[in-house]
Amino acid sequence: MKWTNENGFDWCEVIDIDSFVGKLLQPDLRPGKWSGDDIRRAMGIYTKENRRHDDQRRGVTLNHKDLVGSAGLSPGISISFQPILPGEKLAFHRHNYVAIYYWIEGEGYTANDDEGIDRHETRVYWKAGDVTTSPAWVNHAHVCTSEKPAMQMAIHDFPELCYKRAMLSEDPDGHENLRHMVKGVVPSFNNLDTVEDLEKRSQKFEAVTAE
Ligand SMILES: [Fe+2]
């Protein structure tokens, strides 16, 4: 971030409490629904050929259009869905938001390990119906071992950390990829992405649940 004190600090003000509260109050949110049909249709675009970088993740996130100044399902929480195709080993990465996973379909494991994917003692094996977690700043990678794709629902406090300008990410794994997740530093959660990548991304998806 570039800044200078040469013209003072005209972004810093002292205000009365009533004005302060007026700025804090947010528009209320309407109750929502995101249909399973829409989510499954979105999953259909992630074929073997349509991946992010070779071993990176992909998926869709539920967004509430009433949210102002943030994104996600609720101001502090996001819910994302990700398919992992048979045999896929996704890339190790870590972030300072927690990941809570509900495994809807398939079978596999998550390696939670700074040392790599081969150590069996740090794997968390899962199958449909299980809930697993990768706590904040634990390096993790998912592997699908079933013949059918695995489907993951992930609950994150990603939006809350971004809103606080406090989100840190190493994605993919490696200190050279450590980033403060704010505008102007990274265009995406994945440090391999460029702005041009995002513009021509074939994985873009948008659907509004109609009924
Ligand atoms: Fe993650």
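Observations
- Any hit, region 54-65, residues being in contact (Cβ under 8 Å) with a residue 12 or more places away in the chain and among the hydroxyl-bearing types (Ser, Thr, Tyr): yes
- Residue list for region 8-51, restricted to those being among the hydrophobic types (A, V, I, L, M, F, W, C) and out of contact with any Phe, Trp or Tyr (no Cβ under 7 Å at 6 or more places or on another chain): 9, 11, 12, 14, 15, 17, 20, 21, 24, 25, 29, 34
- Residues (surrounded by fewer than 18 Cβ atoms within 10 Å (Cβ to Cβ) and within 13 Å of the ligand (Cβ to nearest atom)) located in region 156-176: 168, 173
- Residue in region 200-210 that is over 22 Å from residue 64 (Cα atoms) and within 16 Å of the ligand (Cβ to nearest atom) present: no
- Taking region 92-111 as the range and being within 10 Å of the ligand (Cβ to nearest atom), crowded, with 20+ Cβ neighbours inside 10 Å and not aromatic (Phe, Trp, Tyr) as the test, the residues that pass are 93, 94, 95, 99, 110.
- Residues (within 11 Å of the ligand (Cβ to nearest atom), of a type in the set (Gly, Ala, Ser) and more than 21 Å from residue 36 (Cβ to Cβ)) located in region 76-91: 91
- Annotation note: of 37, 114, 28, 66, the sole residue that is within 16 Å of the ligand (Cβ to nearest atom) and acidic (Asp, Glu) is 114.
- Residue list for region 112-132, restricted to those being surrounded by 15 or more Cβ atoms within 10 Å (Cβ to Cβ) and either assigned to a strand (DSSP E or B) or touching a residue at least 40 places away in the same chain (Cβ under 8 Å) (or both): 112, 123, 124, 126, 132
- Checking the stated criteria, residue 32 turns out not to satisfy the condition of being closer than 20 Å to residue 209 by Cα, in contact with a helix residue (DSSP H, G or I) (Cβ under 6 Å, 6 or more places away or on another chain), assigned to a loop (DSSP other than H, G, I, E, B) and not charged (D, E, K, R).
Bear in mind that the values in this text are calculations on the coordinates, not laboratory data. Owing to the predicted nature of the structure, the values given are computational and were not obtained by experimental measurement. Quick reminder, even Gly has a Cβ in these numbers, built from the backbone with ideal geometry, and neighbours come from all protein chains shown.
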